[in-house]
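Quick notes on the structure that follows.
The values are calculated or read from the model by the stated rules, or taken from the named source; none is laboratory data. In this text the structure is predicted, and so the values were computed from the model without any measurement. A quick note on method: Cβ atoms are made from the backbone with ideal geometry, for glycine too, and the neighbour counts reach across all protein chains shown.
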Amino acid sequence: MDVFEAIKDRRSVRKYKPEPVPEDLVKKILEAAVWAPSGSNIQPWKFIVIKDKKVLDMVRKISPGYFGDAPLAILVCSDKERAYKLGGELGRDYLTVAGCAVAVQNMLLAAYASGLGTCIVKSFSSIAIKHILEIPDGIEPELLVIVGYPDQSPKPPRRRPLQEITYLDRYGEKYFEK
Amino acid sequence: MGKEKSNGDKYLFDLAVFLATSASGCVEEPHLYGPFRLIDALSRLIELPKYATCMKDDLFLAKMKSVIDEKKFLLVSDTEAFKAFLDSLVREFAKELKRRSLERR
């Protein structure tokens, strides 16, 4: 699949089929994640793959933004201690978040190219998820990625046109005339 | 009755978890997440009669649940349409409230 096709056709899926995600695809998604760039090459990410139904159920209940009954979720965490050692305050406070976000985009595209649907969830309780998944201090849950075979094909929300948001050489100088 | 009560207890607890977590999350989330969580909670509340024989099924509420579940994700695609939907929901409830109040006289 052409990467541009994956970028444009991927959707946030909120309804899933019950079929499990094959292990080789889980690995593919994670491998895509770790090939993301990261500031100072910190590679701040740590992943918790959630497959157990009871654990998934608990995570769904403390995540108001989690819709649908996907068979798999991957919690992307940032290692704040590692990031601070390698990148100081900038590393810990910004590069971790940016790095995990970029890694997640790779995950979404890899999943889409494999026929899977995904949805990023940020609306979860960090306090609750750290307790349920026994996440130690210094490791911060950043984004939850729900994965499964999609049972819907949502329409895409409108994108702001490039003409509105792109400038040449200085802010305000339109890059695209029309 | 026993199984229904335990299912009802579980449903109530799950709803309580959802509300507590939403309250905490809404402190820092975008402001429209608040209304979104409220109508999501409303949709879940409407399911309660399934678990409690003391409550009757309410056709109006069932219809509202269906509309909510269909339209709530306007939040992510069209915030103006989402706000208009919330207003229309209130209008429907107001009409029904008035109808029921007048019926009781």
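Numbers below:
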{"item": "Restricting the range B:53-83 to residues that are surrounded by 14 or more Cβ atoms within 10 Å (Cβ to Cβ) and among the aliphatic types (A, V, I, L, M), the residue that is farthest from B:Arg100 (Cα to Cα)", "result": "B:Val76"}
{"item": "In the range B:64-80, the residues that are more than 11 Å from the chain's Cα centre (by Cα) and either free of Cβ contacts under 8 Å to residues at least 12 places away in the same chain or within 17 Å of B:Arg91 (Cα to Cα) (or both)", "result": "B:Glu70, B:Lys71, B:Phe73, B:Leu74, B:Val76, B:Ser77, B:Asp78, B:Glu80"}
{"item": "Residue within the range B:61-72 that is within 11 Å of chain A (Cβ to nearest Cβ) and modelled with pLDDT of 95 or more present", "result": "yes"}
{"item": "Test result for A:Arg170, out of contact with any strand residue (DSSP E or B) (no Cβ under 8 Å at 6 or more places or on another chain) and exposed (fewer than 11 other Cβ atoms within 10 Å of the Cβ)", "result": "yes"}
{"item": "Tabulated pairs, the range A:33-61, first under 24 Å from A:Tyr84 (Cβ atoms), second in a loop (DSSP other than H, G, I, E, B), C-beta under 6 angstrom, 6+ apart or interchain", "result": "A:Ile48/A:Leu133"}
{"item": "So A:Ile62, is it within 14 Å of another protein chain (Cβ to nearest Cβ), over 17 Å from the mean Cα position of the chain (by Cα) and of a type in the set (Val, Ile, Thr)", "result": "yes"}
{"item": "Only listed residue being away from chain B (no Cβ under 14 Å) and either assigned to a helix (DSSP H, G or I) or among the basic types (Lys, Arg) (or both), chosen from A:Leu75, A:Leu95", "result": "A:Leu95"}
{"item": "Single condition A:Arg159 does not satisfy, out of (1) within 14 Å of chain B (Cβ to nearest Cβ); (2) of a type in the set (D, E, K, R); (3) under 17 Å from the mean Cα position of the chain (by Cα)", "result": "(3)"}
{"item": "Scope the range B:7-59; condition of a type in the set (S, T, N, Q) and more than 13 Å from A:Ser123 (Cα to Cα); matching residues", "result": "B:Asn7, B:Ser43, B:Thr53"}
{"item": "Count of the range A:67-90 residues which are surrounded by 18 or more Cβ atoms within 10 Å (Cβ to Cβ) and of a type in the set (Asp, Glu)", "result": "1"}
